[in-house]
Amino acid sequence: MSGICKRLPEWVLDLVLGMVGCLLVAMSVHNFALYADFPMTGFSGIALIFYRLFGLPVGMMTILLNIPVALIAFKLLGRRFFLKSLIMMVVSSLMIDYLAPLFPAYQGDRLLAAICTGVVGGLGYALIFMRGASTGGADFVIMSLKALRPHLSIGTISFAIDLVIVLAGGFLLEDVDGVLYGLIVSYLLAQVIDKVTYRIDQGKTALIVTDRGREVAQAIDREVDRGSTVIEAKGGYQGDQRQLVLCACNNKEMVHIRALAKTVDPKSFVIIMESNEVVGEGFKAS
């Protein structure tokens with residue numbers, strides 16, 4: 001499956017994954033949140049408040065709410081991101097009003113509805129974020145804050161913003177239980193977005209302390225087709241000269257690399273660490 005994705009043009013992947021993400025977001029709003037009657041997150045949550053108070057269409061209200069925020073965020077986020085997000089915003093909003101109603105709506109237990117809303121919506125948002133876009137509205141705010149504060153995760157920013165919207169919705173609709181369910185949705189959305197967005201780019205990092213660094217690096221390049229970096233090092237106790245081979249790889253390749261290091265130099269010292277995100281050649285594009 002990953003091989004097929006690599007052969008597809010970027011714009012095709014953007015379109016396909018974006019459409020799937022929009023559909024999942026639309027279903028989470030219309031098929032689960034709407035009928036469960038609890039506060040929803042993001043601008044969809046604000047649109048749901050208007051729907052319950054005044055009967056206004058959710059999708060159309062989402063578009064109207066997006067306009068002023070989109071104009072403000074345009075300069076900060078850039079033209080490409082803005083245009084892609086604009087398309088996703090319109091598509092997801094239209095899907096909420098016209099495509100999602102074609103699927104069965106869940107009208108059972110509110111807790112299950114909250115769980116499904118968080119998981120399904122989180123998957124949808126993650127697919128859209130991974131392709132360098134958003135669904136507008138609160139997402140514009142989220143990605144703007146992410147650009148200003150890169151150390152914060154998307155899920156953390158999303159949870160903070162959604163918390164305010166959910167509490168406001170619960171207060172206006174006078175539904176304490178709804179607030180609790182809304183908080184569950186917000187938490188699940190944040191967790192799923194972070195897990196999917198960052199987990200797909202996670203890998204391993206091998207630190208190999210050896211006397212035969214160049215040979216280890218050549219073996220890794222030949223057998224695993226991974227590049228590595230050889231760093232001159234010095235032992236802390238005896239002060240003897242060693243080499244440190246640094247190699248980033250995925251989980252499957254790590255087993256092979258560890259075996260190669262021990263084959264080339266049985267006395268080598270191997271440290272394996274988790275990498276939250278690997279960016280560069282052979283991994284995610286920067």
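For region 52-68, take each phi angle, set θ = phi - 60°, evaluate the Karplus expression 6.51 cos²θ - 1.76 cosθ + 1.60, and give the result in whole Hz per residue in order, putting x for glycine and proline.
6, 7, 10, x, 6, x, 5, x, 5, 5, 4, 5, 5, 5, 6, 4, x
Provide the FRET efficiency to the nearest 0.05 for the I67-L246 pair, computing r from the beta carbons and using R0 = 41 Å.
After rounding to 0.05, the efficiency reads 0.25.
Around L15, under 13 Å between beta carbons, what's the net of Lys plus Arg minus Asp minus Glu among the other residues?
Its environment carries a net charge of 0.
Provide, for q = 0.07, 0.15 Å⁻¹, the log10 of I(q)/I(0) from a solvent-free Debye sum over equal Cα point scatterers in the chain.
-0.36, -1.03
When averaged across all projection directions, what area in nm² does the alpha-carbon convex hull of region 203-275 cover?
Hull-based average projected area comes out at 4.4 nm².
In Å and from the alpha-carbon atoms only, list the Rg and Dmax of region 88-206.
Rg then Dmax for region 88-206, in Å: 15.3, 54.
Would you please give the FRET efficiency between A147 and E215, computed as 1/(1 + (r/R0)^6) with r the Cβ-Cβ distance and R0 = 35 Å, to the nearest 0.05? Please report the intermediate quantities before stating the final value.
Values: r = 44 Å, r/R0 = 1.24.
Calculated value: 0.20.
Too long at a 31 Å Cα-Cα cut-off: which of K84/K195; K146/K234; K204/K234; K195/K252; K195/K234; K195/K267?
Numbers: K84/K195 23 Å; K146/K234 39 Å; K204/K234 24 Å; K195/K252 19 Å; K195/K234 38 Å; K195/K267 37 Å.
Pairs exceeding the cut-off: K146/K234; K195/K234; K195/K267.
Helix 138-148 versus the longest principal axis of the chain: what is the Cα-based angle in degrees, 0 to 90, to the nearest 10?
30
Region 176-226: D in µm²/s via Stokes-Einstein (Kirkwood Rh, Cα pairs, 10 °C, 1.306 mPa s)?
Rounded to a whole number, D works out at 107 µm²/s.
Return the Cα extents of region 146-220 along principal axes one, two and three, sorted largest first, each rounded to a whole Å.
69, 25, 16
Read-outs throughout are calculated quantities, based only on the coordinates presented, and are distinct from any laboratory measurement. Predicted model only: the values in this text are computed from it and were never measured. Glycine gets a Cβ as well: all are built from the backbone with ideal geometry, and neighbour counts include every protein chain shown.
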